[in-house]
1. If I ask for residues that are over 23 Å from residue 103 (Cα atoms) and either exposed (fewer than 10 other Cβ atoms within 10 Å of the Cβ) or among the charged types (D, E, K, R) (or both), which ones from region 3-30 would you list?
2. Scan region 155-167 for residues that are over 30 Å from residue 220 (Cβ atoms) and exposed (fewer than 13 other Cβ atoms within 10 Å of the Cβ) and jot them down.
3. Considering only region 88-110, state which residues are over 24 Å from residue 24 (Cβ atoms) and either charged (D, E, K, R) or surrounded by fewer than 21 Cβ atoms within 10 Å (Cβ to Cβ) (or both).
4. Among (1) surrounded by fewer than 12 Cβ atoms within 10 Å (Cβ to Cβ); (2) free of Cβ contacts under 8 Å to residues at least 24 places away in the same chain, there is one condition residue 82 misses while meeting the rest; what is its number?
5. Run down 147, 170 and say which single residue is assigned by TED's automatic domain parsing to the domain that holds residue 218, exposed (fewer than 12 other Cβ atoms within 10 Å of the Cβ) and of a type in the set (Lys, Arg).
6. For region 31-51, give me each residue that is in a strand (DSSP E or B) and either within 30 Å of residue 97 (Cα to Cα) or among the aromatic types (Phe, Trp, Tyr) (or both).
7. When you check residue 197 against the structure, is it loosely packed, with under 11 Cβ neighbours inside 10 Å, among the charged types (D, E, K, R) and touching a strand residue (DSSP E or B) at 6+ places or on another chain (Cβ under 7 Å), yes or no?
8. So if I check each of 67, 81, which one is in contact with a strand residue (DSSP E or B) (Cβ under 9 Å, 6 or more places away or on another chain) and among the charged types (D, E, K, R)?
Amino acid sequence: MRRIRTRWPLTHITIRGDSHYARPEAMDFCEQNGLSYIVGLAGTRPLTTKVQDVADAVRTQRALEDREVVRGFAETTHRARSWSCERRVVARIEATRLGLDIRFVVTNLTGTSPRVVYESLYCARGQAENWIKFHKAQLASDRTSCRRAVANQVRLVLHTAAYWLMLAMREAIPATRDLARAEFVTLRLRLLKIAVRVQESTSRIRLAFASCCPEADLVRRLAGALAPRPRAASP
């Protein structure tokens, strides 16, 4: 954190994490150093008791309206035995036909509604984890088995380049297509790992796809969308 502050002294930093990071030392550090935090918090009986009225209202609403899911939010203050002070706790309360589910987060943010704290700020952590999963699990960026650190760093750079290429390809797919929201492993299977006939000439390389290729129209569209644009003539 000191190195980050050296480069960006005025940047507002918010730390998000699951309940493993809800340690009193971590929260004290954030508060003492002007950092915001939103971290998951394991539910306890005292915490559940504090939001019980809202939980009962959510459960009753779902039963009366006979809906599949009803979600509500509540907030309270709480001080665990190991905490140095009371802190703001937000609860996400969800009632389904299977029962009631309550999730808690603790934060030092103020002036933000419980819904925004949970859905827009805390849950965005899940999307960040998906990006890491794409990089690591679907592009094998954890293959750093070289003995030299520099070689492993080069490997990581190459995997990152592959990540940006896959991301650019997915962003070029029309939003109406199912592949516009597909994971990288699906894109690789349906658009890249396809048998073609390669024809090389002096000026170009032609890839001849089978006439029954299920994604032929999309491949043609991507070829045009990803083709390099001619550079404008310099004045």
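The values are calculated or read from the model by the stated rules, or taken from the named source; none is laboratory data. Everything quoted here is computed from the prediction, not taken from an experiment. Glycine also receives a Cβ, built like all others from the backbone with ideal geometry; neighbour counts cover every protein chain displayed.
1. 3, 5, 6, 7, 9, 10, 11, 12, listed by residue number.
2. Applying the first criterion (over 30 Å from residue 220 (Cβ atoms)) to region 155-167 yields 155-157.
Once the filter is applied, which keeps residues that are over 30 Å from residue 220 (Cβ atoms) and exposed (fewer than 13 other Cβ atoms within 10 Å of the Cβ), region 155-167 yields only 157.
3. Kept after step one, since they are over 24 Å from residue 24 (Cβ atoms), are these residues of region 88-110: 93-101.
Listed by number, the residues that qualify are 94, 96, 97, 98, 99, 100, 101.
4. Checking residue 82 against (1) surrounded by fewer than 12 Cβ atoms within 10 Å (Cβ to Cβ); (2) free of Cβ contacts under 8 Å to residues at least 24 places away in the same chain, the one that fails is (2).
5. Details: 170 fails: exposed (fewer than 12 other Cβ atoms within 10 Å of the Cβ).
Checking each option against the conditions leaves just 147.
6. Answer for region 31-51, where residues must be in a strand (DSSP E or B) and either within 30 Å of residue 97 (Cα to Cα) or among the aromatic types (Phe, Trp, Tyr) (or both): 37, 38, 39, 40, 41.
7. Yes; evaluated as a whole, the condition is true for this residue.
8. One residue alone meets the criteria, 67.
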